[in-house]
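What follows is a short report on a single structure.
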Ligand SMILES: Cc1ncc(COP(=O)(O)O)c(C=O)c1O
């Protein structure tokens, strides 16, 4: 195999059968489409190259900076391709949660602009959300930026419609699979592949996988977030199912330990979701079926993600004081306080008010006298033990009260006697007309 450019290596990824001894399905042949074998490491190489190629051909690209809203694989591919063409690349993100990926982007020469998560902003229509910020940047200075726009760009879908889907049909001997399973981020790979497969055979069942609400699987969205994506059309999918971070890691473990496929968490989510969906129908099937799922990228970038969620897999002690260990009953029993009562409590008992939001949102507006400990740092802090005196009154606040109630439950379990979570979070506090200050 000889090529003139690394970009020619994108695509034509292998389709590899998973042994039935591993997945346990009686009537289904299950295949993994190994997108992690693309040259820059993921399924996003296809979309990135397809979106940026016409822009590079455009003379006006000149000295402009390529810009994209991405915290991971699209940014990685665009950083490489931009570098190859002598153009700077900038990734604007509010989801840069995996340190290895951030380091790699910096190594590739990317500039990273980090913005607060949309939920952290007091006003969800705030113009500081990354999408609006990118569009502002572009309209302000089209001479300076080339925006690949993966959440809206039809060339993202087209990359998969013209290649990923047809490759699957070719490798299955000219037939579409009966089931196609893919995790959904921008929805480009699932939509494009599904279109090609259904054009060949309209009866293909398409299963989209998203992360469980309030759970994080790097690279894909949860069901609320997916609805914000411009390319997402619910009609593409026969069903959309959720996978938890734990299930994604379980699926990833099977792929890396038993199948020899060094898949990352979303490949694991796709495997787990595929087997779960197919197991439910396997016994009723009267003839043999074929199913294909996408393995998006590789495992190596996710070591800190695994260490944080499943330290025992890396021979480290399990995390005792972690919100992941809470039962629903513990969370329900956590002490909460509404904004009006919290104002009185602050006046009377002077609790320590801990704001768990990101630093950017805290700096913009916060409860007077509160301190900022970003939730991820707070999580680390309580690993080491109780950070306050057990009877020191503490009020925990986050954007809408979903995180703080978990930490209140955890501190309660650890023996704290006077902790409360601000119900409805800083948003409810603002809506109640209570004071907020800016540093
Ligand atoms: C690791 C990983 N898995 C899955 C996906 C989902 O792919 P798509 O954006 O085509 O929906 C992405 C997208 O960024 C990803 O980075």
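The values are calculated or read from the model by the stated rules, or taken from the named source; none is laboratory data. Owing to the predicted nature of the structure, the values given are computational and were not obtained by experimental measurement. Ideal geometry is used to build each Cβ from the backbone, glycine not excepted, and the neighbour counts take in all protein chains shown.
Here's the yes/no breakdown for (1) in a helix (DSSP H, G or I); (2) more than 25 Å from the chain's Cα centre (by Cα); (3) under 18 Å from residue 372 (Cβ atoms):
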{"position": "399", "(1), (2), (3)": "no, no, yes"}
{"position": "403", "(1), (2), (3)": "yes, no, yes"}
{"position": "407", "(1), (2), (3)": "yes, no, yes"}
{"position": "416", "(1), (2), (3)": "no, yes, no"}
{"position": "430", "(1), (2), (3)": "yes, yes, yes"}
{"position": "433", "(1), (2), (3)": "no, yes, no"}
message: Can you tell me which residue is nearest to the chain's Cα centre (by Cα) among those in region 364-373 that are assigned to a loop (DSSP other than H, G, I, E, B) and more than 19 Å from residue 409 (Cβ to Cβ)?
response: 365
message: So, residue 324, is that one touching a helix residue (DSSP H, G or I) at 6+ places or on another chain (Cβ under 9 Å) and not in a helix (DSSP H, G or I) or not?
response: no
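Okay, residues lined up against (1) crowded, with 22+ Cβ neighbours inside 10 Å; (2) within 30 Å of residue 141 (Cβ to Cβ):
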| residue | (1), (2) |
| --- | --- |
| 32 | yes, no |
| 43 | yes, no |
| 46 | yes, yes |
| 49 | yes, yes |
| 56 | no, yes |
| 72 | yes, yes |
| 76 | yes, yes |
| 85 | no, yes |
task: Please verify whether region 290-297 includes one or more residues that are over 30 Å from residue 72 (Cα atoms) and more than 15 Å from the ligand (Cβ to nearest atom).
output: yes
Scope region 140-153; condition within 13 Å of the ligand (Cβ to nearest atom) and either out of contact with any helix residue (DSSP H, G or I) (no Cβ under 8 Å at 6 or more places or on another chain) or assigned to a strand (DSSP E or B) (or both); matching residues: 152
- line: Note on residue 300: of the conditions (1) under 21 Å from residue 14 (Cβ atoms); (2) buried (at least 16 other Cβ atoms within 10 Å of the Cβ), unmet is (2)
- prompt: List, please: which pairs have Cβ atoms under 9 Å, are six or more places apart or on different chains, and start with a residue in region 170-183 that is without any contact (Cβ under 8 Å) to a residue 60 or more places away in the chain and end with one that is more than 16 Å from the ligand (Cβ to nearest atom) and part of a loop (DSSP other than H, G, I, E, B)?
  reply: 176/201; 176/203; 176/204
query: buried (at least 19 other Cβ atoms within 10 Å of the Cβ) and either farther than 13 Å from residue 356 by Cβ or free of Cβ contacts under 8 Å to residues at least 40 places away in the same chain (or both) - does that describe any residue in region 387-399?
result: yes
task: Could you check region 31-114 for helices (runs of 4 or more DSSP H) lying wholly inside it with 2 or more residues that are at pLDDT 95 or above and within 15 Å of the ligand (Cβ to nearest atom)?
output: 44-57, 73-84
query: Picking from 287, 347, which residue would you name as being in a loop (DSSP other than H, G, I, E, B), out of contact with any helix residue (DSSP H, G or I) (no Cβ under 8 Å at 6 or more places or on another chain) and either away from the ligand (no atom under 16 Å from the Cβ) or at pLDDT 95 or above (or both)?
result: 287
Hits in region 261-275 - residues which are free of Cβ contacts under 8 Å to residues at least 60 places away in the same chain and either touching a strand residue (DSSP E or B) at 6+ places or on another chain (Cβ under 6 Å) or more than 12 Å from residue 219 (Cβ to Cβ) (or both): 272
- prompt: How many of the residues making up region 304-321 are closer than 15 Å to residue 248 by Cα, free of Cβ contacts under 8 Å to residues at least 60 places away in the same chain and outside any helix (DSSP H, G or I)?
  reply: 0
message: Looking at residue 21 and the list (1) in the same structural domain as residue 269 (by TED's automatic domain parsing); (2) free of Cβ contacts under 8 Å to residues at least 60 places away in the same chain; (3) outside any helix (DSSP H, G or I), which single condition is not satisfied?
response: (3)
